[in-house]
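Student: Before we start, here is the structure in question, set down as structure tokens.
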Amino acid sequence: MEGISLNSFLFVGAILFVSGIVCMATKRNLIGILMGVELVLNGANVNLVAFSRYSSIGIDAKFIALFVIVLAAAEAAVALAIALSFYNNHQTIDVDQADELQG
Amino acid sequence: MTTGEVLKTLLTIAWLLPLAGFAIEIFAGYWQKNRFSMAAAKMSVICIGMSFIFSLLALIQWGLATDWTALAATEHHGDHAAAVHHEEAGNHAKAHEPHGKEEHANTDHHEKTAHHDKDEHEEKHAVVPSTFSGRFYTLADFGKLKLSLDYYIDSLTLIMFTMVTLIATCIHIFAMGYMSDELTNDYVDHQAHKSDGSHVHRPGRYYQFFAFLSLFCFSMLGLVLAGNIFQVFVFWELVGICSYLLIGFYTERKTANVAANKAFIMNRVGDFGFLIGLMVIWTWFGTFSFTTSELNGHDIPGIFEMVRGNDGAISLTEDGNSMIFRDGEGHALKNEDGSNRTIPYTLLVVAGLGVFGGCIGKSAQFPLQTWLPDAMEGPTPVSALVHSATMVAAGVYLTGRFYPVFTPEVLLTIAYIGCITLFVAATIAVVATDIKRVLAYSTISQLGYMMLAIGISGWVAGLFHLITHAFFKSLMFLCSGSVIHGCHHEQEMPKMGGLLKKMPVTALTMLVGVIAISGLAIPFTIFGMKFAFSGYHSKDAIVATGLAYMRLNPSHIFLFFVPLVTAGITAFYMFRLWFYTFLGRPRDQEMHDHVHESPRIMTVPLLVLALFAAGCAIGGESGFLYKMLIHSEPAGVAEGVEAFAPAMLTLPSHHHIHAVHSEAGIYALIAAVTGMIIAYILYATPLVDPGEIKRQFSGLHHFLVEKWHFDTLYDAMFVKPMHIVASWCSAIDKKLFDSILHGFCAVAVKIARFDRQFDEKIVDGLVETLGDVTFSVGRSLKVLQTGKLRQYIMFIAASVVVLFILAFVLFPSI
Amino acid sequence: MTIPQILFYIFALVTCGGAIAVVVSQNVVRMAFWLIVSLGSLSGLFFMAHADFVAGAQLLIYVGGTLVLLVFGVMLTASGAQRQLKMSPADGFLAAGVGTVFLTIIMSTVISVDWDGVSKTLTGEVVSQKIPTGYNKGEEGNTIRRLGLGFLGIRADKDLGAPEDKKISTGYLLPFEIVSIHLLVVLIGASYLARAKRKVAPRTN
Amino acid sequence: MPSILGASTIAEYLEESWNSSPGLAMAIAAIVHVTMIMGLFGLIPMVFIWMERKVAGRIQDRLGPTRVGGRFGWLQGLADGIKLIQKEDLCPKEADPFLFKMAPYITCVAAICGFIVLPFSQGWGSVASDIGLFVLFAILSIEVVGIILAGYSSGSKWSLFGGMREAAQMVSYEIPLAICGLVPIVALGTLNFSEISAVQRGWASNWMLFHDPFTFITFFVYFIVATAGCKRAPFDLAEAESELVGGFHTEYSGMRWSFFFMAEYAAMFLVSGVAVILFLGGWNSGIGFVDSFIDDVVRPSGPSLGIEGFVLGSYIANLIGLKIMLIKASLLVFVQIWVRWTLPRLRIDQVMTTCLKYLIPISCFLFLGSVLWPVVLSTTTGKTTLFDAVPLGDRFQEQVERTNSEPVKPILKKEETKQDKKPAHSNNSAGSQETVSLITE
């Protein structure tokens, strides 16, 4: 794979990661925030896979990437359940409404 | 099994049975249903009875082993001794000595042979040992010091065992009846009052009483069986605690408590001396064991051998200041550097005096005699036991047992102590009106006799009197108990009188005891034997010893005359008691009407004891008891001691005593008869009014009633000074120490005040300031906790950015 | 520009564009769509990075599973007629600013690190930036056997020392099983949590 | 990126014979493959729509299309296509126009991508991935997203209902589908379609269908689940005409509408192809001597076509294999069509119940059974398969041994390894190829 450097992968990961952060920070919809989380996790996964390809970590990084994916699925399931519960209680999905715990 | 093992086994069983009884009773007593049954008493009686049987078996075993030849030999010896007057004494003594050596060479180190079974034609029996010793169990092992349970069995032990168990059995049986009113859940103690004046009601303590009795017997037997002086001390104290428990049995009565405490504390005074003696012995002798014992694989000689060697003589160094230790074969013990092991003679005296101090306390000798009369507060069976077989006998027994360690100076002290005691107690007994107190003072007096006898080398006489006295005194106490029981716990003789018809068995058995203690006898020989009760023989022996002693040491004239006169006084006050109680007209008619003879369970022991009181010493010096005892006589007593340095005392030998025996007997009999007649005149006939005499000698009477003012004296000597010293101490405490303490306290309070200021201003201030700051910071930071998820994420992101930038700025090189 | 490079840039562009579109989009369903696009092409990137199983798992779990779930969630929580939750422009600008700075920092970090040097320091090997890929290198990205054996502790890509060490190495089987159980528990918990609670009507009397 | 086996063959041919640059060669190869797949994607629905019409007609006791293109109306599909292309592309006012337009593409892309990994004969696939089955299932699972989006973005309640139903149905049926796919995988120990097919060479008794009782049942379960996964009748609740008008595609028209159908037929073919490869011997005829003849006589014969090991005979053998494969898959599609026109539609709750309460437990049971089967069989008969096939245990053992004997080097060091003085291990991938050849031989 000539011409593709490790940095290219890392840049992609960085963009995904920062996009995820910004997504989390800006979306008022709880599910939008979840999407941001997924983006962040994928940004990390890109790095893992890239290092697996370009460094001597080897296959371990792929294992970790797999675990990340699987656990992200679990996380998404729970988060969605929370979202539904939240919706049932508040009749909205707006996270700005969820400020009962403010100081 | 050898004889020694058989004896050991039998006596051990006899010794431990009462303990088993105690354990069972005291634990079984926790169940309510056992408390008010006769089971405890029966158990107790069975235990002590079995003990008696085993003791008796041991006695028989001992006799069989020696083929009773020892007694026969003594018989020969008696003949022999009688022949001393015919100038055979020297021969005998000479024949005696190599013999002893030979025997010691032949026999085991642990065993001493009797000195008296050694006539030439009895040679084949000479090897039979008369002493068995050994070790049960090592309690503790502190290097050189071994604390162990040993046994030491000779004929004295056997006699003591048999006597104690027999008397104890009788007393137990008697007590079954006497204490039967305790068999209730609601015992009314008429002599104890609550604060509102009503009588004390309490559950009966029948089982407890018998448990304590058992423990008492166990302790006494253990003391007798003990093979070392430390063990003796242990059981000594056990006897003490048992007497404490039993004297204070009516614990609701203040007088009983005081008496128990008094007995206990008085004994502690004596035990203090005992402890000093023990320390001296341990420090200089290095062993507690009476006879040769094994330590770390080596035989080390016991105390007796070390002091007396094999010939019974004390071996002094040339300057006479120290005593050389010897082993059982007479060789001097060596130190590691080869020099002779010695003990300063003074310390030996101190050791002897110390141990005898313990005996003074235990046997209520002058000047510690005051506790014994007060000990009458206990139930009468206890008094009987204490006064005859156990408590007070322990002191005399130990004095006898420890005789080899006593130097002539100590013996002289013992003699004088005994002399004083016997006289003082007898005089007090003359005026006492409480039936039990009369008996108590007579006990003290008789104990004085025993001590005196031992002190003047009448070893056998003293212990002989111990045994006989045990029998007749227990008899009399039980009789008095029977009287008290019959008179519904009335103890004052002036309220009695004329009880002979009401309670004939008690009266007659009492009369046997009175005759016995007075030493009356028919001064003729019938069928070759003097017809006399036991007291005559023993007291006769003592008086004879005193006479012999006086002849040899003319300066100690009192040691003969005082006991002689006191023999008369004894007869007087004993008959006074009997006449007062049983003859004449009843002085308290109402009480007299209710008097009744005691049940059979109480009278049967009286009869048994009366039999023994009358006949135990039958035969006198050729009797069984005497011969048994003389078996155990320490080496060297029989020969007497020639004017011994530094006290320059000459102790009479058997031959000397024999020489004056019949003479002394007559004196004593005259004295006793005189006393009896006076008593008869005074109390049994209306010839003389004792009240008149009392008035004429009111000063003396008062002096005697006040017990020679001993209690007053002690009060003045010890109690008052102690109070004064205590008040001084209290004053010092209050004035000096308290003020110092108060000063400290004040300082502490001041410091604390300052501290409080510090705490409040600075510490609290700091903390509160911190809290306020935290609170205000939290209040202002509260704004940050918006509860808005997105803002949190922004915070995180922004802070990461800031951290990154900070890291870049601060660590640009990385 | 080689073919792989072109492919990479296409995939990378779609991935990043999709991610940014997710951020920019206001409609949740559109966000989901862009997320699908982004993550789908990300799996293409994984394929290119010779991680075909990870890529497959990415497709299966993320695109096929998680995102369907998300869309599901969107539909279950969309109340009313497509009400959109607008963010305030200030928030947007702030987030964009922070995001830009963040991205700059990460990018500069990535650039400033000498990966070859780091690798050399750590493992003594130089990271080759250019590993040529030829044709017929059939299992260049075929990692399934390695992964499978790696789960069992048999490592084809690493020298674990002596041959016997390869056999006793425990691998990732236990973590994998734990994750499986975890997943199961999470799913049960999630279904319980998401269950509509029936509220008891207050009694009227 | 896993190299594209077929493409690489062409590319290598171009590179070696025509001395073209690698990039160019690869690009040409890619274009060829894309064309072929797109063609297939266009062709398959056309054929199957025609087939559906004819079968439906016959089942309903009528003729079906008869006119277009000749005697059997075999160009009817093309005619339909032309008609649909001509139709106006409508977008409802309430719809989300962007998503509305994108949704069919996603569905289509998912279906098309499935063909990337599905081989039609030995080596005749775009990508010979080791995880072909896995990727195929993954790609098929994307399809549902398009449908949901379509249903959602149409702005119509019918569409939304349809989309939701479809989503629920497909998400549910994915589970038994994957588990049923695992059953032969467990028995075989590989996810590679080529290897799976190669193992089933020889008589039909070697087919996974007859491997053990569990795979036998699994095939039917799989077929049911796959039918449901393709939202075919009787599980076509998502587009139930009588209730939801047209379900998720109610608002669609013209070409966008046809895309959904093309995707559906493509998916039908895909799942049938997977069933053929997993259970029905793939491109093997099922007649022992025919297979032997093809592989042993035809395949190695003929002149070389420029690269080593690539001879004319192999081309012919693959062609035969392709035909066998297509026939088998078409037969299965026929069965699906048959079922559609003969069975009534279920209710949506029945559909879900069937899946969640019956198919999932059954498939789990089958999975467990197939896992335990070799153990039971080997303890009772000493063999690991009922019929004569390569024992699973041996092949696994062989893989382990090969992995152990392989020079263990990090992938990164490949370049150095090549320049190393160890020519024996210069090709790191030799081992894996060896496996494939070992199985095919």
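The values are calculated or read from the model by the stated rules, or taken from the named source; none is laboratory data. What you see is a predicted model, and the numbers here were worked out from it, not measured in a lab. Cβ atoms come from the backbone with ideal geometry, glycine included; neighbour counts cover every protein chain shown. Keep in mind that these areas ignore ligands, DNA and RNA; they rest on the heavy atoms of the full protein, side chains included. Shrake-Rupley method; radii C 1.70, N 1.55, O 1.52, S 1.80 Å.
Student: Looking at the range B:682-780, which chymotrypsin sites (Phe, Trp or Tyr not before Pro) are DSSP coil and have at most 13 other C-beta atoms within 10 Å of their C-beta?
Tutor: B:Phe697
Student: Let me ask something else about it. Along the principal axes of its C-alpha atoms, what lengths does the range D:92-401 span, in descending order and rounded to whole Å?
Tutor: Answer, in whole Å and largest first: 63, 51, 38 Å.
Student: Can you give me the C-alpha center-to-center distance between the range D:88-113 and the range A:27-44, rounded to a whole angstrom?
Tutor: 25 Å
Student: Over both sides of the D-C contact, add up the buried accessible area with a 1.4 Å probe and give it to the nearest 100 Å². Don't skip to the answer; put the middle values down first.
Tutor: Numbers: alone 21650 and 16620 Å², together 33110 Å².
Summed over both sides, the interface buries about 5200 Å².
Student: Would you please put B:140-150, B:5-15, B:161-171 in order of how densely packed they are, using the mean number of other Cβ atoms within 10 angstrom per residue and starting with the highest? Working shown, then result.
Tutor: Values: B:140-150: 14.2, B:5-15: 20.4, B:161-171: 27.4.
Ranking, from highest mean packing down: B:161-171, B:5-15, B:140-150.
Student: I need two numbers for the range A:7-92: Rg to one decimal and Dmax as a whole number, Cα atoms only, in Å.
Tutor: Computed over the Cα atoms of the range A:7-92, radius of gyration and Dmax are 15.1, 51 Å.
Student: Considering every Cα-Cα pair within chain B, what fraction, in whole percent, is farther apart than 35 Å?
Tutor: 53 percent
Student: Please report the buried accessible area for the interface of A with B, total over both chains, probe 1.4 Å, in Å² to the nearest 100.
Tutor: Numbers: alone 6910 and 34700 Å², together 40560 Å².
Approximately 1000 Å², summed over both chains.
Student: Over the whole of C:8-14, what's the average partner chain Cβ count within 10 Å per residue? Rounded to a whole number, please. The partial results should precede the final answer.
Tutor: On the way: counts 8, 3, 0, 2, 7, 1, 0.
Other-chain Cβ atoms within 10 Å of each residue's Cβ, averaged: 3.
Student: Using r as the Cβ-Cβ distance of C:Leu183 and D:Asp61, and R0 as 51 Å, what FRET efficiency do you calculate, to the nearest 0.05?
Tutor: 0.50
Student: At a 10 angstrom cut-off on C-beta neighbours, averaged per residue, how do the peptides D:269-280, D:185-196 rank from highest to lowest?
Tutor: The peptides rank, most packed first, as D:269-280, D:185-196.
Student: Buried accessible area for the A:C pair, summed, 1.4 Å probe, in Å² rounded to 100?
Tutor: 7200 Å²
Student: What ranking of B:Lys436, B:Lys788 comes out by heavy-atom accessible area, probe 1.4 Å, highest first? Write out the running numbers ahead of the final one.
Tutor: On the way: B:Lys436 0, B:Lys788 55 Å².
Most to least solvent-accessible, the answer reads B:Lys788, B:Lys436.
Student: Calculate the spin-label point distance for B:Phe754 paired with B:Leu333, positioning each point 7 Å from the Cα along the beta-carbon direction, and give it in nanometres.
Tutor: In this crude label model, B:Leu333 to B:Phe754 measures out at 6.5 nm.
Student: Give me the percent of the accessible area of the range C:1-84 that comes from carbon and sulfur atoms, probe 1.4 Å, all protein chains in place. Walk me through the numbers before you get to the answer.
Tutor: Working: 1920 of 2600 Å².
On the range C:1-84, the fraction of accessible area on carbon and sulfur atoms equals 74 percent.
Student: Averaged across the residues of C:28-41, what count of C-beta atoms belonging to other chains lies within 10 Å of each residue's C-beta?
Tutor: So the per-residue partner count for this stretch is 6.
Student: Along the range B:365-372, what does the Karplus equation 6.51 cos²θ - 1.76 cosθ + 1.60 (θ = phi - 60°) give for ³J(HN,Hα), rounded to whole Hz, x for Gly and Pro?
Tutor: So the J values, rounded to whole Hz, are 8, 4, x, 10, 7, 6, 6, 5.
Student: Which distance in nm do the two modelled labels at B:Thr2 and B:Phe36 give, with both placed 7 Å along the Cα-to-Cβ direction?
Tutor: 5.6 nm
Student: Further question: Please calculate the 1.4 Å probe accessible area of D:Arg62, with all protein chains present, and give it to the nearest 10 Å².
Tutor: 120 Å²
Student: Can you give the average number of partner chain beta-carbon atoms within 10 Å of each beta-carbon in peptide A:85-94, as a whole number?
Tutor: Values: counts 7, 1, 6, 7, 1, 0, 3, 5, 9, 2.
Across the residues of A:85-94, the mean count of other-chain Cβ atoms within 10 Å is 4.
Student: How do A:73-84, A:25-36, B:650-661, B:182-193 rank on mean C-beta neighbours within 10 Å, highest first?
Tutor: Packing order, densest peptide first, comes out as A:25-36, B:650-661, A:73-84, B:182-193.
Student: Assign one of three labels to the range C:1-84, namely rounded, prolate or oblate, based on the Cα gyration tensor with a ≥ b ≥ c the square roots of its eigenvalues; rounded applies when a/c is under 1.5, prolate when it is not and a/b is larger than b/c, and oblate otherwise.
Tutor: Oblate, since a/c reaches 1.5 and b/c is not below a/b.
Student: Let me ask something else about it. How large are Rg and Dmax for the range D:121-178 when calculated on the C-alpha trace, in angstrom?
Tutor: In order Rg, Dmax, the Cα atoms of the range D:121-178 give 15.1, 47 Å.
Student: What is the percent of Cα-Cα separations in the range B:713-756 that go past 15 Å?
Tutor: Of the Cα pairs, 59 percent sit more than 15 Å apart.
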